[in-house]
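S.K.: I have a structure here, written as structure tokens, and I will follow up with some questions on it.
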Amino acid sequence: MELERELSLSLEGVTALACWEPRIGEVFTLVGDGPIFYRARLATLGSRQAVVVPFERFTLAPESPLEIVVYQALPEKERFELVLQKLTEVGVNRIVPYVSRRSVTLEERDAGQKKSHRWPDVLLRAAKQCRRGMIPALAPVLGWEEMLQEVAAADLRLMLYEGETYWSLKEAMDRQNPGRVALLVGPEGGFEADEAARAQAAGVLPVSLGGRILRTETAAILGAAMIQFALGDLG
Ligand code: SAM
């Protein structure tokens, strides 16, 4: 791709670009073959055509070769927005809120003042700010069993568990070379013992983050960052 030269995007490229809701003149991350990442400026945008001007090639890719999916028990208040923002910066691919026995439900979360409609915008802003090449996918809120079914597709399945575990997260990642990692994070009240047992029976390994009990949002952000550090592109 030649720098400082106008480039017409394919229809597929125009569709991908539209997800970023860009304005004319805005700078964004363009994903070329390879993938090679460029900073580019939007020159014109129509419903089926777009012209962009790539002007700088990234020296370090903003997307990790590792696919990380975080399953977050739905927390109260604004904590989920913090989780969405920070996990985007850490470079996760997909975030799946789910309901467990001690978490809130979406209805409880949205009671009083509805906030969940803001979540896609939180992801978009965070992805733009840290110059990602993709916006992390946000799944609808899943029930416990639906969540476990989806987790089964990952190569490495981990559950942050503050109860008794045989492994730390660090040990569980040793000598692993997964393509996709699933990370389960419990609600503020923790997993119930039978939920932890059910997840383990479904092939999810309970792991510890050490002796301090962390807030659920801290555990999610730290856990994803440690995985990205050990197996992905952080650091
Ligand atoms: N209710 C629990 C208690 O008071 O013992 C604490 C739950 S903790 C606030 C919320 C979630 O964060 C947990 O379910 C777990 O997924 C994760 N977590 C927090 N600290 C952790 C640790 N030290 N090791 C592993 N997971 C942890």
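The values are calculated or read from the model by the stated rules, or taken from the named source; none is laboratory data. What you are looking at is a predicted structure, and each value in this text was computed from that prediction instead of being measured. Positions of Cβ are backbone-derived with ideal geometry, glycine not excepted, and every protein chain shown enters the neighbour counts. We work out accessible area using only protein heavy atoms, side chains counted, and drop any ligands, DNA or RNA first. Shrake-Rupley method; radii C 1.70, N 1.55, O 1.52, S 1.80 Å.
S.K.: Check whether at least one residue in region 38-46 is touching a Leu at 6+ places or on another chain (Cβ under 9 Å), small (Gly, Ala, Ser), within 16 Å of the ligand (Cβ to nearest atom) and not in a loop (DSSP other than H, G, I, E, B), and report yes or no.
M.R.: No, region 38-46 has no match at all.
S.K.: I'd like to know if region 17-30 contains one or more residues that are modelled with pLDDT of 95 or more, crowded, with 18+ Cβ neighbours inside 10 Å and of a type in the set (Val, Ile, Thr).
M.R.: Yes, because at least one residue in region 17-30 is modelled with pLDDT of 95 or more, crowded, with 18+ Cβ neighbours inside 10 Å and of a type in the set (Val, Ile, Thr).
S.K.: Mind listing whichever residues of region 16-37 are among the β-branched types (Val, Ile, Thr), over 19 Å from the mean Cα position of the chain (by Cα) and in a strand (DSSP E or B)?
M.R.: Our first condition is that a residue be among the β-branched types (Val, Ile, Thr); within region 16-37, this holds for 24, 27, 29, 31, 36.
From the residues that got through so far, the ones that are over 19 Å from the mean Cα position of the chain (by Cα) too are 24, 27, 36.
Those that are among the β-branched types (Val, Ile, Thr), over 19 Å from the mean Cα position of the chain (by Cα) and in a strand (DSSP E or B): VAL27, ILE36.
S.K.: Would you confirm whether any residue within region 215-223 is part of a loop (DSSP other than H, G, I, E, B) and surrounded by 21 or more Cβ atoms within 10 Å (Cβ to Cβ)? So that I can check it myself, show each step before the final result.
M.R.: Step one: filter region 215-223 for residues part of a loop (DSSP other than H, G, I, E, B), giving 215.
Filter once more, keeping what is surrounded by 21 or more Cβ atoms within 10 Å (Cβ to Cβ): none.
No; the residues of region 215-223 include none that is part of a loop (DSSP other than H, G, I, E, B) and surrounded by 21 or more Cβ atoms within 10 Å (Cβ to Cβ).
S.K.: Residues that are in contact with a Ser or Thr (Cβ under 8 Å, 6 or more places away or on another chain), of a type outside the set (Asp, Glu), modelled with pLDDT of 95 or more and not assigned by TED's automatic domain parsing to the domain that holds MET226: does region 60-76 have at least one? Steps first, answer last, please.
M.R.: Here is the first cut: in region 60-76, the ones in contact with a Ser or Thr (Cβ under 8 Å, 6 or more places away or on another chain) are 62, 72-75.
From what is left, the residues that are of a type outside the set (Asp, Glu) are 62, 72-75.
Subsequent filtering for residues that are modelled with pLDDT of 95 or more retains 62, 72-73.
If we keep only those that are not assigned by TED's automatic domain parsing to the domain that holds MET226 as well, we get 62.
Checking region 60-76: at least one residue is in contact with a Ser or Thr (Cβ under 8 Å, 6 or more places away or on another chain), of a type outside the set (Asp, Glu), modelled with pLDDT of 95 or more and not assigned by TED's automatic domain parsing to the domain that holds MET226.
S.K.: In region 164-188, which residue that is near the ligand (Cβ under 8 Å from one of its atoms) and at pLDDT below 95 is least open to solvent (accessible area, probe 1.4 Å)? Break it down into steps so the answer makes sense when it comes.
M.R.: So in region 164-188, the residues near the ligand (Cβ under 8 Å from one of its atoms) come out as 165, 169, 184-188.
Keeping just the survivors that are at pLDDT below 95 gives 165, 169, 188.
Numbers: THR165: 36, LEU169: 1, GLU188: 90 Å².
The qualifying residue least open to solvent (accessible area, probe 1.4 Å) is LEU169.
S.K.: So, in region 151-163, of the ones that are touching a helix residue (DSSP H, G or I) at 6+ places or on another chain (Cβ under 7 Å) and open to solvent by less than 10 Å² (accessible area, probe 1.4 Å), which residue ends up nearest to the ligand (Cβ to nearest atom)? So that I can check it myself, show each step before the final result.
M.R.: As a first pass, look at region 151-163 and keep what is touching a helix residue (DSSP H, G or I) at 6+ places or on another chain (Cβ under 7 Å): 157-161, 163.
If we keep only those that are open to solvent by less than 10 Å² (accessible area, probe 1.4 Å) as well, we get 158-159.
Numbers: LEU158: 10, MET159: 7 Å.
Among those residues, the one meeting the criterion is MET159.
S.K.: Moving on to the next point. Take the residues in region 199-214 that are more than 14 Å from the ligand (Cβ to nearest atom) and touching a residue at least 40 places away in the same chain (Cβ under 8 Å); name whichever of them is surrounded by the fewest Cβ atoms within 10 Å (Cβ to Cβ).
M.R.: If we filter region 199-214 for residues that are more than 14 Å from the ligand (Cβ to nearest atom), which is where we start, we get 201-203.
Remaining after also requiring touching a residue at least 40 places away in the same chain (Cβ under 8 Å): 202-203.
Working: ALA202: 15, GLY203: 12.
Only one residue fits best here, namely GLY203.
S.K.: Related question: Taking the criterion of being of a type in the set (S, T, N, Q), farther than 30 Å from VAL181 by Cβ and either touching a Ser or Thr at 6+ places or on another chain (Cβ under 6 Å) or at pLDDT 95 or above (or both), would at least one residue in region 89-102 satisfy it?
M.R.: First, pick out the residues of region 89-102 that are of a type in the set (S, T, N, Q): 93, 100.
Within this subset, residues satisfying the condition of being farther than 30 Å from VAL181 by Cβ are none.
The answer is no, given that none of the residues of region 89-102 is of a type in the set (S, T, N, Q), farther than 30 Å from VAL181 by Cβ and either touching a Ser or Thr at 6+ places or on another chain (Cβ under 6 Å) or at pLDDT 95 or above (or both).
S.K.: Just the residues that are within 14 Å of the ligand (Cβ to nearest atom) and farther than 15 Å from VAL69 by Cα, please, taken from region 218-235.
M.R.: THR218, the sole residue that qualifies.
S.K.: Restricting attention to region 164-179, does a residue exist that is of a type in the set (S, T, N, Q) and within 21 Å of LEU214 (Cβ to Cβ)?
M.R.: Here is the first cut: in region 164-179, the residues of a type in the set (S, T, N, Q) are 165, 168, 176-177.
Pick out the ones that are also within 21 Å of LEU214 (Cβ to Cβ) and you get 165, 168.
Yes, region 164-179 contains a residue that is of a type in the set (S, T, N, Q) and within 21 Å of LEU214 (Cβ to Cβ).
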